[in-house]
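Data block below; observations after.
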Amino acid sequence: VVPRGGDVVFGRVTRVLEKAAHVEIAAVNGRAPRGGDFAGVVRRQDARAHAVDSVELERCFRAGDVVRAKVLSLGDARSFYLTTAGDDLGVVRATHGTSRATMLPIGWTEVQCPVTGEVEDRKVARV
């Protein structure tokens, strides 16, 4: 399975920079990719469908988050361009930094730790 435009992928965010979040793709259309590991990039303009100019990626994703994204196109030789602009796309699993508990979505843009009660910003997917 090789990602193509329009495919839905699941992946783990490996790092978040000012202009892009890097994702290690773990599944393509529900199947494990074959023939090597694939990487993806969610650019700032592809993170949300609205208020694109004011997107701050550090408020949308954190390293370690699992995201559901759609493949836009083949990017450079090393990665695919991904988008999380859509209600069903975005963070599907986030882990709290200190308690290591799985955080619960409390809105479109927030998750909360059930152990500490701390609230963090994310671009949450409606699954």
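The values are calculated or read from the model by the stated rules, or taken from the named source; none is laboratory data. In this text the structure is predicted, and so the values were computed from the model without any measurement. Here Cβ is always computed from backbone atoms with ideal geometry, including for glycine, and neighbour counts include all displayed protein chains. Ligands, DNA and RNA are excluded from the accessible area calculation, which covers all protein heavy atoms including side chains. Shrake-Rupley method; radii C 1.70, N 1.55, O 1.52, S 1.80 Å.
It is to be established whether one or more residues within the range 52-68 are assigned to a helix (DSSP H, G or I), open to solvent by 60 Å² or more (accessible area, probe 1.4 Å) and closer than 20 Å to residue 103 by Cα. Looking for residues that are assigned to a helix (DSSP H, G or I), open to solvent by 60 Å² or more (accessible area, probe 1.4 Å) and closer than 20 Å to residue 103 by Cα, one finds at least one in the range 52-68, hence yes. The single residue among 79, 73, 99 that is among the polar types (S, T, N, Q), open to solvent by less than 70 Å² (accessible area, probe 1.4 Å), at pLDDT below 95 and under 17 Å from residue 122 (Cβ atoms) turns out to be 99. When the residues of the range 110-127 are narrowed to those that are among the β-branched types (Val, Ile, Thr) and free of Cβ contacts under 8 Å to residues at least 24 places away in the same chain, which ends up least open to solvent (accessible area, probe 1.4 Å)? Out of the qualifying residues, it is 111. Among the residues that make up the range 88-95, is at least one of them among the hydroxyl-bearing types (Ser, Thr, Tyr), open to solvent by less than 50 Å² (accessible area, probe 1.4 Å), in contact with a helix residue (DSSP H, G or I) (Cβ under 8 Å, 6 or more places away or on another chain) and under 25 Å from residue 38 (Cα atoms)? Within the range 88-95, none of the residues are among the hydroxyl-bearing types (Ser, Thr, Tyr), open to solvent by less than 50 Å² (accessible area, probe 1.4 Å), in contact with a helix residue (DSSP H, G or I) (Cβ under 8 Å, 6 or more places away or on another chain) and under 25 Å from residue 38 (Cα atoms).
Identification of strands (runs of 3 or more DSSP E) wholly contained in the range 1-48 with 2 or more residues that are of a type in the set (S, T, N, Q) and open to solvent by less than 70 Å² (accessible area, probe 1.4 Å) yields no element.
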